[in-house]
Amino acid sequence: MKFAIIKERKNPPDKRVVLPPQACKKAVEQFPEAEFVVESSDIRIYKDKEYEELGVSVVTDVQDCDVLLGVKEVPIEALIPNKKYFFFSHTIKKQPYNRKLLQAVLDKNIELYDHEVIKDSKGQRLVAFGRYAGIVGAYNGFRAWGLKFGSYNLPKAENLHNQQELIAELCNIKNEIPNIKILLTGKGRVGNGAKEMLDAMGIKKVSSRAFRSQSFSTPVYCQIDVMKYNKRKDGRKLGKKDFYQNPEAYKSNFMRFAKVTDFYIAGHFYGDKAPFLYTKMDVKHPSFSIKVVADVSCDIDGPVATTIRPSTIANPIYGYDPKTGDETDYTFEGAIAVMAVDNLPCELPRDASEGFAEMFLKHVIPAFFDNDKEGILERACMTRHGKLTPAFSYLQDYVDG
């Protein structure tokens, strides 16, 4: 079986890769019957030469390969018919902007495997960039704080080499951070990635009760999960499983945190029908005290009302005017600074690629050689023989337009 690491062609360019040079070498050692080639690219964080030095062939044509591995969506005109493709298709939520892409995948008889639906038998994702979104998101949030209040000026994450350099920069400005309260929602990959950065800075973690009721002489943070910021409308306490099964039976309990939080990092997963964490009306309340939001989850017009659009790596921060609900200059007094970059791992492409490859080598590549005994490929396959697979038949009306 012949695998190709394809060139990323989406704009803006993405420097990440599914398998860095070392991972390709490791895959061949593990599965001698596999062959890996790399499509030449001047965008990738790893140069062609780095692959060649480890014995991986660099090619300009991948027509003879069986499985094509990419990160972002492949432009329609670049899709090769009758191949197996892996990439983030951004179609599983019926995103309107990618309908034509899924139609083209079906027309060209492509077997599409979306990284987002590579899951185990319990439905847990096996490959993701979430940890790196959390790492960069936390860093960018501190950068936004410094720029809003003019207290320090951190370099952009994309200009630093790896996570350790980000941590070093944060440690340098720690004494410039006032005794603020930092709230972090989410305990998955994203939330825990952000937590890594807070812990590396030596910021003290406190309980949710202490966070809400006590004052501190140094910066502190609190990490909370869904049951801390949601409560049943009928007052009963039935646990997390009930929340996931009946999200419409709950209402937000977030304002008790918003009243005491200065800097909020949103690293949670937001499910359909779950209550918004805070609304535009909540933000208008005189007791709403959040001044900087690092929205790593970045659901537009969604659960974090201050996130009204995604921001970009080039211009990562905008202001939200609580009175009008409109965008404004984030340095204005009373404006909430919002960092809502929706492709944060791109700012740490080397680390993110290495972490992703580790998961891909562990879970996905072996499935091609053990007859997919865990069902990983079968669950992740969205299209086959020009049709949607049964698990993704819910997309038929989306495909039909």
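Here are some notes:
- Scanning the range 49-65 for residues that are farther than 16 Å from R9 by Cβ and not in a loop (DSSP other than H, G, I, E, B) yields a count of 6.
- Residues that are touching a residue at least 60 places away in the same chain (Cβ under 8 Å) and open to solvent by 40 Å² or more (accessible area, probe 1.4 Å), drawn from the range 278-311: K291
- Of the residues in the range 163-181, none is touching a Lys or Arg at 6+ places or on another chain (Cβ under 8 Å) and not basic (K, R).
- Residue within the range 19-26 that is at pLDDT 95 or above and in contact with a Pro (Cβ under 9 Å, 6 or more places away or on another chain) present: no
- D272 surrounded by fewer than 19 Cβ atoms within 10 Å (Cβ to Cβ) and in a loop (DSSP other than H, G, I, E, B): yes
- Being of a type in the set (S, T, Y) and in contact with a strand residue (DSSP E or B) (Cβ under 8 Å, 6 or more places away or on another chain) is a condition met by at least one residue of the range 366-388.
- Members of the range 156-170 that are polar (S, T, N, Q) and open to solvent by 80 Å² or more (accessible area, probe 1.4 Å): N159, Q164
- Among residues of the range 376-401 that are touching a residue at least 12 places away in the same chain (Cβ under 8 Å) and aliphatic (A, V, I, L, M), those with a Cβ under 9 angstrom from a residue that is in a helix (DSSP H, G or I) and open to solvent by 90 Å² or more (accessible area, probe 1.4 Å), sequence gap 6+ or separate chain, pair up as L388/Y394; A391/E378.
- So L68, is it at pLDDT 95 or above, open to solvent by less than 20 Å² (accessible area, probe 1.4 Å) and assigned to a helix (DSSP H, G or I): no
- For the range 100-135, a residue qualifies if it is open to solvent by less than 10 Å² (accessible area, probe 1.4 Å), more than 21 Å from V67 (Cβ to Cβ) and among the aliphatic types (A, V, I, L, M), and exactly one does: I135.
- Scanning the range 49-65 for residues that are under 12 Å from I6 (Cα atoms) and not aliphatic (A, V, I, L, M), we see that the one that is most open to solvent (accessible area, probe 1.4 Å) is T60.
- Complete set of residues in the range 275-296 that are farther than 13 Å from G334 by Cα and touching a Ser or Thr at 6+ places or on another chain (Cβ under 9 Å): P275, F276, L277, Y278, T279, K280, D282, V293, D295
- Residue list for the range 44-75, filter: within 15 Å of V17 (Cβ to Cβ), of a type outside the set (S, T, Y) and out of contact with any strand residue (DSSP E or B) (no Cβ under 7 Å at 6 or more places or on another chain): R44, I45, K47, K49, E50, L54
- Restricting E73, E77, E33, E8 to residues that are open to solvent by 10 Å² or more (accessible area, probe 1.4 Å), outside any strand (DSSP E or B), charged (D, E, K, R) and under 19 Å from I376 (Cβ atoms) narrows the list to E33.
- Which listed residue is closer than 19 Å to G193 by Cβ and open to solvent by 20 Å² or more (accessible area, probe 1.4 Å), from N315, N343: N343
- All positions within the range 349-376 that are assigned to a helix (DSSP H, G or I) and open to solvent by 20 Å² or more (accessible area, probe 1.4 Å): R350, D351, E354, E358, M359, K362, H363, P366, F368
- Complete set of residues in the range 80-115 that are touching a residue at least 60 places away in the same chain (Cβ under 8 Å), over 15 Å from K10 (Cα atoms) and in a loop (DSSP other than H, G, I, E, B): T91, I92, K94, N109, I110
- Residue check, A138 at pLDDT below 95 and open to solvent by less than 40 Å² (accessible area, probe 1.4 Å): no
The values are calculated or read from the model by the stated rules, or taken from the named source; none is laboratory data. Owing to the predicted nature of the structure, the values given are computational and were not obtained by experimental measurement. Positions of Cβ are backbone-derived with ideal geometry, glycine not excepted, and every protein chain shown enters the neighbour counts. Ligands, DNA and RNA are stripped out before the accessible areas are found, and what is left, the full protein with its side chains, is counted by its heavy atoms. Shrake-Rupley method; radii C 1.70, N 1.55, O 1.52, S 1.80 Å.
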